[in-house]
Amino acid sequence: MAITQLFIEKLLKGNGIEITAKNKAVFEAYILEQQTILAVEIIAKNQRELMENWKIKENCYTILTAALQIPNGNMGKAYFHQFDCNALNFDAMAYHELVGLEAFGLHYNKQEKTISGIPSQNGDFKIHLKFRVIGENENSELHQKPINFIINADPKSLWTDKPSNHADPYWKADAAATFGKFGAKNSVVASKRGRAHANVGAFRDDHFALHHYENSNWSVVAVADGAGSAIFSRKGSEIACNEVVTYFGKELTNQFNSEFDALIQKYVPENSVGTSNFEVNFKDNKELQQFVTTTLGNCAKYVHQKLQEFATSKKCLLSDLHTTLIFTLFKKFDFGYVLFSFGVGDCPIGMVSKNQTEVQLLNWLDVGDYGGGTRFITMPEIFTSDKFESRINFTICSDFDYLFLMTDGIYDAKFGVEANLQKIEKWTTFIADLKGANEDSHAVIFDETNTQIAQQLNNWLDFWSPGNHDDRTLAIVF
């Protein structure tokens, strides 16, 4: 009755009729008539239906016109997206589903409002949000909201892997890896052709060589990166590494060992080796300095000479063989390890202490002083430069966890800039990466009983680093 009275009052007032003492009795009788009450109920019902329909239309419109962007996915990489429930007005939906995701490896969780999975293909796709809002008949046709969804191609898939020419006289395998005992230590090395070379069927320009000399208990590791601009650099890097091994095979005589043993026994007590992880300034001892400089300098000159002889025999330019070269000769003594190191070019040698608390670089890189231009063992001028002796390093340590020699295909991707090579935290992150803390979960298990370690390191070299597609060589003594 109250509803009828209020409605009729508003209706009359809207039509310019006022309730007065004169017509009040008529009004009170009118609102009690069954016909009036029924008419008002019908009108009220129609109004409710109109409002409900309006709410349905408004909710549908809000959802259909809502600006919605779903983050792009990447083929082969785990994807997760949580919908913004407010933006899509999920509270207004009586039912909804997201269709089309299963076709490319994704799944929609209606309860959590999430998309997840690993995209199995790339491209521009349309998925559809199908829904019904509260108030609609459960048998009514579902509304559809198209949603654009992009899955980016796996960058790796854009690179081809063309075989290199096996008939070439200087052909070498596109990948190589080896593992073995190195006296009291172990060594694992892997070298792989970079994607930039594989994409055009070019050769691996990197090389490595290593050897443990059983008679003297010395070990040597050499790594070289042939210049991409030099036509035969792949051969140059091979010759350089192999000739380092050959040179020390001749040089490590009984006389060499006797002379060095006498020198080091005089030197070690003065420096109290073992009190810290790294310590030595061998240039304080002129006799030792001369021995180290002669040993490493003569090896570098020997390698240069062999490269020159090869160039002459093949009637090519020495510059056609341009290659960097780093190598370390080391041996275990009762007091710890001694390490001779030499480097020309932009490839670092890093030694990480026991317990991974310190790092020491055993060479400097040809980057800053030459404005980014590297130097090669094939360049005669490096031997006449007043900086030649600074390429030579000698270190004594009680022990070490890892000795790393790497080409810039590793260094550029994992360290970025030269300054990072001085930071132990960068090296501990690098070691963790090697042990599996990477997006591919490729892990190298540093255990001398692990027969798969060389293949594991070879697999690890496949890591993805945007813009870094050079050959990769990494030698590790542990």
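Here, each number is a calculation from the coordinates, and none is a lab measurement. This is a predicted model, so every value here is computed, not measured. Every residue, glycine as well, gets a Cβ built from its backbone with ideal geometry; the counts of neighbours run over all protein chains shown.
Listing for the model above:
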read-out: Simple spin-label estimate for Asp440 and Leu50 in nanometres, 7 Å along Cα-Cβ; value: 6.9 nm
read-out: Inter-label distance, nm, simple model (7 Å from Cα along the C-beta direction), Ser313/Gln144; value: 7.4 nm
read-out: Cα gyration tensor, the range 328-478 - rounded (a/c under 1.5), prolate or oblate; value: oblate
read-out: Magnitude of the charge dipole, the chain, Cβ model with Lys/Arg +1 and Asp/Glu -1, debye to 20; value: 620 debye
read-out: Rounded tilt (10° steps) of 254-271 against the dominant C-alpha axis of the chain; value: 60 degrees
read-out: Helix 2-14 axis, angle to the chain major axis (alpha carbon atoms, nearest 10°); value: 90 degrees
read-out: Distribution of pairwise C-alpha distances over the range 2-65, 5 Å bins, in %; value: 4, 16, 19, 18, 12, 9, 8, 7, 4, 3, 1, 0
read-out: Cα centroid of the range 73-117 to Cα centroid of the range 313-389, whole Å; value: 54 Å
read-out: For the chain, calculated [θ]222 nm from helices alone, where every DSSP H run of n ≥ 4 adds -39500 (n - 2.57); value: -10500 deg cm²/dmol
read-out: Answer label, with Rg and Dmax of the Cα atoms in Å calculated from the coordinates and candidates (1) 22.2, 72; (2) 38.5, 138; (3) 25.3, 82; value: (2)
read-out: Using a Förster distance of 56 Å, the FRET efficiency for Lys250-His107 (Cβ separation, nearest 0.05); value: 0.30
read-out: Alpha-carbon centroid distance for the pair the range 122-147 / the range 400-461, whole angstrom; value: 49 Å
read-out: Cleavage-rule hits, GluC sites (Glu not before Pro), the range 418-470, DSSP coil, Cβ neighbours within 10 Å at most 15; value: Glu439, Glu448
read-out: Residue exposure sequence - Trp427, Trp460, Trp364 - by fewest surrounding Cβ within 10 Å; value: Trp364, Trp460, Trp427
read-out: Folded to 0 to 90 degrees: helix 34-65 orientation relative to the chain principal axis, Cα; value: 20 degrees
read-out: The range 67-151, Rg to Rh (Cα coordinates; Rh as Kirkwood inverse mean 1/r); value: 0.98
